[in-house]
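S.K.: A single structure is presented below for examination.
Derivation of every value follows stated rules applied to the coordinates shown; laboratory data play no part. What you see is a predicted model, and the numbers here were worked out from it, not measured in a lab. Here Cβ is always computed from backbone atoms with ideal geometry, including for glycine, and neighbour counts include all displayed protein chains.
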Amino acid sequence: MEDNNNNNNQNNPFKFTAQQLSDIVLTRNSNLIKEYGGLKGIAEALKVDINIGLPNSTVENNGTNPFADREAVFGRNGPPETKSAFLNFLTLFKKNDDSKKVNALRGGESVMISNYDVQVGDVVFLKQGDVICADGIIIQGQNLKIDESSATGEPTPVEKGEGKDQFIISGTTVSEGVGNFLVTAVGSNSFTGFKIYI
C-alpha cells in the first residue's frame, strides 16, 4: 500500500495524489476516508475550508490561474485531450455547452459555475434533478437520495448522509432532497472518466 503521507511528487503541494483521492469513490472504501483523516483531514490536505470553499476567482491579482496547481495534480473536469477526431468534436461540443452549471461554495458564497470549472476541493451543492459532475464525499444531506442505477445498476435510490452512504458518484442523479459534497475526483480521474476512458 502507498504511504499516504508521501505524495510521491515534489511538485504536488497537496497531501494526496489524484489516484489516492480517486480510489475513495472508485473502491467505495469508507476505511480510506478514515485513514486519510476523515472529511476534515481530506479538506485540510486539499487546502480548503468546507465552510468557505475555494476562492471565488478564476484569475489572481497577478493574472495567474489560482487553480493551476490543483489542475496540474488532479486534472480538469472534462474529457481528456485525444487524437480521435470524434472525441475532439465531442469535447469541443461539450466545452461550448454553457448551460451545464453547478452551484458551488466559493469564497463563502453560493455561486453558479460551469461543470468544467469544478475543481478537486470544491464544495458543490445538490438538489433534486441535478446530474452530478464529479466524485466526492458527502458533507451533509437532508433527505438526500441519489439514483445510482447508471453507475451501479442499483434500482433503488441510495440515501446519502453522515452515518449513511458517504460516496458521491459522477454521472448519477439526485432523486430527492438537498445536500453538499467535497469534490475528490474530476474528469478522467472520476468514476465517469474511469468508465468512459478505460
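S.K.: Which ordering of THR152, THR17 is given by a fewest-first count of other beta-carbon atoms within 10 Å?
M.R.: Details: THR152 13, THR17 19.
Fewest-to-most ranking of THR152, THR17: THR152, THR17.
S.K.: With 26 Å as the limit, write out which pairs from LYS127/LYS164; LYS15/LYS100; LYS34/LYS101; LYS15/LYS145 have Cα-Cα distances beyond it, or answer none. Intermediate results must be reported in sequence, preceding the final value.
M.R.: Details: LYS127/LYS164 18 Å; LYS15/LYS100 31 Å; LYS34/LYS101 31 Å; LYS15/LYS145 31 Å.
Over 26 Å apart, Cα to Cα: LYS15/LYS100; LYS34/LYS101; LYS15/LYS145.
S.K.: I'd like the FRET efficiency for VAL131 and LYS164, computed as 1/(1 + (r/R0)^6) with the beta carbon distance as r and R0 of 25 Å, rounded to 0.05. Please report the intermediate quantities before stating the final value.
M.R.: Values: r = 21 Å, r/R0 = 0.84.
That pair, VAL131 with LYS164, gives E of 0.75.
S.K.: Give me the number: length gained by fully extending ASN51 to GLU35, i.e. 0.36 nm times residue separation minus the C-alpha to C-alpha distance, one decimal in nm.
M.R.: Working: separation 16, 0.36 × 16 = 5.76 nm, distance 2.24 nm.
Result: 3.5 nm gained on full extension.
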